[in-house]
Amino acid sequence: MTFNLRYADYDSASPRSWGRRRPAVAALLRQEAPELIGTQEGLYRQLREINEDVQQPGKRYDWIGTGREGGSRGEFMAVFYDTGRLAPLEHEHFWISHDPHLVGEKWPGAGSPRLVTWVRFQDLATGGEFYALNTHLDNVSEEARLAGARLLVQQMHRPEEPLPPFDASLPCVLMGDFNVPAVAKKGSVYETLLTEGELVDSWTEAPPEARGEEYRTWHDYKGPMQPGTRIDWILTSPGVRAASARINTFTLDGQYPSDHFPVQATLRIGNP
């Protein structure tokens, strides 16, 4: 699952405040119980609360992430995982900037610092390994979004300085809010990741009969809208098979968990 949580506004009396949305997020995640979740916008306290809420008998979670301004500061691109199924072997973060190791740095013209969290997992059921990457590209600058796409391509396929070490032979699952539609026009973020990054879109790869309705994933609390504009994606290496995909429109007593719908896919990585 990739899920833009909408950051927590603890002091707000709004009907969309975190205090009112938190039960809906908890109910959604407990109902779906994904084995892997990439979240965007979550704040440190908010993520700790989600991790507390999502625990249930027979399903225990942990998470990895750092604030985009360093430490516990700012929004996180966190990776939650089912500890009974996945074991993290290593993880890293890099910033979408001219110096990816510079904490809190942003691309010139970007609205805010943006980063990528990646985790190398071992699947405890199969013994296989894969990478999960999670990001939230800039909402202001097209140049910054394209820079993020190119850094992701470099990390997954041509790992070298200044990026962290990475085994490019392993399968990858890339999750995120990319802030642009999934349209393969020349020079777009989507086209860059699919062509230069050699990735496939789990949504289009899933069999039509196992794919849900396509809605706008950023709905601003207005509910399902068509035609669909997916700005939240799950992309994978070509060898990863998408058995199903859907946009989850869950509500709890009329309360949407976020201003984004989460996107989910059932993936088969390797040969179980």
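The values are calculated or read from the model by the stated rules, or taken from the named source; none is laboratory data. Note that this is a predicted model, so its numbers are computed, not measured. Cβ placement follows ideal geometry from the backbone for every residue including glycine, while neighbour counts extend to all protein chains displayed. Side chains included, ligands, DNA and RNA excluded: accessible areas come from the protein's heavy atoms. Shrake-Rupley method; radii C 1.70, N 1.55, O 1.52, S 1.80 Å.
Taking the criterion of being closer than 19 Å to R158 by Cα, crowded, with 18+ Cβ neighbours inside 10 Å and touching a Ser or Thr at 6+ places or on another chain (Cβ under 8 Å), the residues of region 186-213 that qualify are L199, V200. Answer yes or no: is there a residue in region 107-125 that is open to solvent by 30 Å² or more (accessible area, probe 1.4 Å) and among the acidic types (D, E). No, every residue in region 107-125 fails to be open to solvent by 30 Å² or more (accessible area, probe 1.4 Å) and among the acidic types (D, E). Tallying residues that are of a type outside the set (S, T, N, Q) and under 20 Å from I50 (Cβ atoms) within region 248-269 yields 10. Criterion applied to D138, D82, D62 was being open to solvent by 60 Å² or more (accessible area, probe 1.4 Å) and among the acidic types (D, E), and the one residue passing it is D62. Scanning region 143-165 for residues that are in a helix (DSSP H, G or I), within 19 Å of P113 (Cα to Cα) and more than 19 Å from the chain's Cα centre (by Cα) yields one hit, E143. Pairs under 7 Å by beta carbon, first residue within 14 Å of W95 (Cβ to Cβ) and without any contact (Cβ under 8 Å) to a residue 24 or more places away in the chain in region 147-158, partner open to solvent by less than 10 Å² (accessible area, probe 1.4 Å) and not β-branched (V, I, T), six or more apart or different chains? Correct list of pairs: Q154/L163. The set of residues from region 69-116 being of a type in the set (S, T, Y) and more than 15 Å from D138 (Cα to Cα) comprises S72, Y81, T83. For region 214-252, which residues satisfy the criterion of being touching a residue at least 60 places away in the same chain (Cβ under 8 Å) and open to solvent by 50 Å² or more (accessible area, probe 1.4 Å)? Matches in region 214-252: W218, G239, T251, L252.
Checking each residue in region 106-146 for being in contact with a helix residue (DSSP H, G or I) (Cβ under 9 Å, 6 or more places away or on another chain), more than 23 Å from L43 (Cβ to Cβ) and touching a residue at least 40 places away in the same chain (Cβ under 8 Å) picks out Y131, L146. Only one of the listed residues (R30, R45) is touching a residue at least 24 places away in the same chain (Cβ under 8 Å), surrounded by fewer than 14 Cβ atoms within 10 Å (Cβ to Cβ), within 24 Å of I247 (Cα to Cα) and among the basic types (K, R). That residue is R30.
Check region 171-179 and report whether any residue there is of a type in the set (D, E) and crowded, with 19+ Cβ neighbours inside 10 Å. Checked region 171-179: at least one residue is of a type in the set (D, E) and crowded, with 19+ Cβ neighbours inside 10 Å. Looking at region 5-19, can you tell me whether even one residue there is open to solvent by less than 30 Å² (accessible area, probe 1.4 Å) and free of Cβ contacts under 8 Å to residues at least 24 places away in the same chain? Yes; the residues of region 5-19 include at least one that is open to solvent by less than 30 Å² (accessible area, probe 1.4 Å) and free of Cβ contacts under 8 Å to residues at least 24 places away in the same chain.
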